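The values are calculated or read from the model by the stated rules, or taken from the named source; none is laboratory data. No experiment lies behind these values; they were computed from the predicted model shown. Cβ sites come from the backbone with ideal geometry, for glycine too, and all protein chains shown count toward neighbours. In case anyone asks, the SASA skips ligands and DNA or RNA and just uses the protein heavy atoms, side chains included. Shrake-Rupley method; radii C 1.70, N 1.55, O 1.52, S 1.80 Å.
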Amino acid sequence: MDVRPMSAPPPSARDTRPIGTPSEPSGAGAAYLLVLEGESSWRFPLPAEGVVLVGRDDKADLKLKDESVSRRHARILVTDEGARVVDLGSQNGTSLNGRPLDDARPLLSGDVVSFGAVVAVVRARRRPMPARRALDADRLMGQLREEVERALRYGRPLTVLTLALVEQAPFEREAVEAVLGSDAGPAEAAGWLDGEHLLWLLPEVSGEPGEEGLGERVEALLSASPRARLGAATCPSDGCDAETLVAAARTAARTAAPGGFASAAEGITRVTLGERTVLVADPAMAQLYALLRRLAASELPVLVCGETGAGKENAAFAVHHWSRRTSGPFVPVNCAALPEGLVESELFGHERGAFTGATTARAGLLESAQGGTVFLDEVGELPASAQAKLLRALEVRRITRVGDTKERTIDIRVVAATHRDLEAEVSAGRFRQDLYFRLGAATVLLPPLRERPREVPMLARDFLERACVALGRGGLELASGTLHALSRHSWPGNVRELRNLMDYVAAAVTGDVVEPHHLPARMAGGRTVAQVEPVASEPEHAAQRPRQSLAQEIRELERRRMQEALEAAEGVQTRAAALIGMPIRTFSFKLKQLGLQPRTARRGTSPE
C-alpha cells in the first residue's frame, strides 16, 4: 500500500527551541537527533543510557505524527558504547544512510536515519579517549583518537580511509580482509565499524591526489571489492577529532560512484543562491537545505530558529530564491534595530505630516516587498503594538500607512527568524501567541557552528581566501595547530564570528602561514601576535622574551632544518628529506604546512 506522508502540524516551540539558549543546560557534548518531519525540524535529545521507542504510539519516546510512520516503528538502544537502531517490523521500513535496515546497526555522528518519510540526523556525543584500548570497532576508534592527538601535537599527516560495501557481500569482505593482512603497514590500523563499513588509519599519509601511499591502498581495496565505494578524510584539514574524520570519510564514500573513490572535499556542497554561495558539508545542514527547498514551493510562512550568526538569513534567502517569488524583491528587516518610536512607520510606511519630520509620504518595508519576500530577522524583538498590526496585515494581506485611512493590498511572503524561545516569550506575555502560530506554520532549526565541526575548517579556508582576494594579497595557509585551535573553540558568534576572525588574520598576518599564535588571545591561550617574538640567538635575551610553547619551538626547528636540507640538496626534495631522516610524504606535507618555498633544482635535476 502506498502511504503518503501527511502534512504534520508543527511541533511545540519548546521542542524547536534554538540550541544553546539560556533556558537549556550547557551540556555541549550531549547526543541528539535533528528530526525533520513534514514542514518543520526540531531536536530530540538522546539519553545517556536507555531505550528510545520511535513511532506514532502514545507511549513512544520519540513520538512522530507522519502517517508513513508505524505506531511502533523502531527502537534506539543507547549504552556507554554508543547507540544502535533496529526496525520493529514497520510498514514503510527504517533506513540508515539510504540503505534499508534488516538488523540492528550502530549509529555514528552524521548518520541519516529515515523512519518512513521522517528523516533524523544523528549527532553523537564525543567520548573521551579511553584509558585502555577496547576490541573491534571500539579499539579502532580508540586508536584513531590516539593518532589524531599525535598528528595534531607533532604536525604529522594522517588520513582516514573508509570502504563502504554496496551490499552484504561475504566473499568481498573476506577479500578485503586479505588485503589488510598483506598491505597494512606496521603503524597502520584497520577494522570494520559495522557489517558494511571498513575503516583504515593511514599515519604519515597526507591525502594529496595521486599520493602513492593512498593510491596503492585504494587500488588494492577496489580490486578486492569492485562494487565498493571509497572515501578519505585528512587530519586536520577535514576535521580535528576522530568522530568528525569518520563522518567526513563516510560522507565522501557516499558521494563516490560504485567502484570509485572520493575525498572529503568532494562531499562539500556549494549551494548557489543567485549571487550568494553557501557551503554545506554537515549532514544535518544538507538535510535542512533540502527541507528549505521543499518549503519554498509553497506559500507557507517559515520560522527559522537558531543562535545569532548561525546563518538564518542565508536560510531565509534560500526559501525566497527557490520559490516562485525569486524574481521579486527580498527585503530583510532587522526588527531589533528598528527605532522604538518608528517601528510602525518603518514596517507600514507613513503619509506626509503623519508625525514631526514626515515631510514626504513613504512606503513601508512590507509594501516595498510587493511580489517578493520579507525577512523579519529577530522578530521576537518587535513591540506589542507592532505585533498586533503585523498579525492583521498578514491575515488580511492589507496594510494602512501611519497617518492614512486607506488600506493598501500587499502580496508578500514572510520568513521570520529568532534566536529566542518564542513559546517562552508567549508564556511570559512578551509575544503574541496568535502571531507565533501564524509565523511558525513551518519551523526550521539551524544547529550552531560548534555542532557542525566538519564545516569549521571548510568555512575557515573559504572565508580566508575571500578576505585575501578582497585585500589584494596572496593566499594564506592555515597551519595544523591553527585548525586544531579553531576546532576547539566554542564559536559563540557562530559563522559570523569565524568570518570576522578570518578577515582579521588576512589583514594582520604578514607571512604565508597562519600559526596558532596569530589568533586572538581568547583562542590562543592568552597569547597574541604582539606577544610572540623571534627566537633570539643571544643567551642574555632568553629571560627578556616571552616563552614560546614547545609546539611552536618544534615548528621553528623543523622549518629551519628543512630549509637547510633543501639548500644542501639544491632543491631536490627526496634528497633533502633523506638528509634529515624524514619520510618524503611527511616532508612534502610540511613544505606546504610551514609555508616553505623550495628553491628551484639546478638544471638536469628533478625536485622530486
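Simple point charges give the picture: +1 on the Cβ of Lys and Arg, -1 on the Cβ of Asp and Glu, and for the range 341-480 a dipole about the Cα centre of about 260 debye. On the basis of the beta-carbon distance and an R0 of 22 Å, LEU273 and ASN334 show a calculated FRET efficiency of 0.65. In this simple spin-label model, placing a label point 7 Å from the Cα along the Cα-to-Cβ direction at both ALA428 and THR409 gives a separation of 4.1 nm.
Across all Cα pairs in the range 379-455, the calculated P(r) in 10 Å bins from zero up to the longest distance comes to 15, 42, 26, 12, 4, 0 percent per bin. Diffusion coefficient of the range 33-83 by Stokes-Einstein, Kirkwood radius over Cα pairs, 37 °C, 0.692 mPa s: 284 µm²/s.
As a size descriptor, the averaged projected area of the C-alpha convex hull of the range 203-267 was calculated at 4.0 nm². Subtracting the Cα-Cα distance of GLU177 and THR326 from 0.36 nm times their residue separation leaves 48.4 nm of extension gain.
Each Lys and Arg Cβ is given +1 and each Asp and Glu Cβ -1; about its Cα centre, the range 291-356 then shows a dipole of about 460 debye.
Taking all protein chains together, SER427, SER225 sort by accessible area into SER427, SER225, largest first [probe 1.4 Å]. Summary of the geometry: the range 236-272 and the range 374-414, compared by the centres of their Cα atoms, lie 45 Å apart.
Per-residue SASA remark: SER298, around 40 Å² accessible (1.4 Å probe; ligands, DNA and RNA not included). These residues, ASP136, ASP503, go from largest to smallest accessible area, 1.4 Å probe, as ASP136, ASP503. Going by accessible surface with a 1.4 Å probe and the largest first, ARG139, ARG352 read ARG352, ARG139.
With a simple spin-label model that places each label point 7 Å from the Cα along the Cα-to-Cβ direction, the separation between ASP136 and LYS65 comes to 4.0 nm. Spin-label model, ASP102 to ASP57: label points 7 Å out along the Cα-to-beta-carbon direction sit 2.6 nm apart. Put simply, when 265-276, 70-81 are sorted by average Cβ atoms within 10 angstrom per residue, most first, you get 70-81, 265-276.
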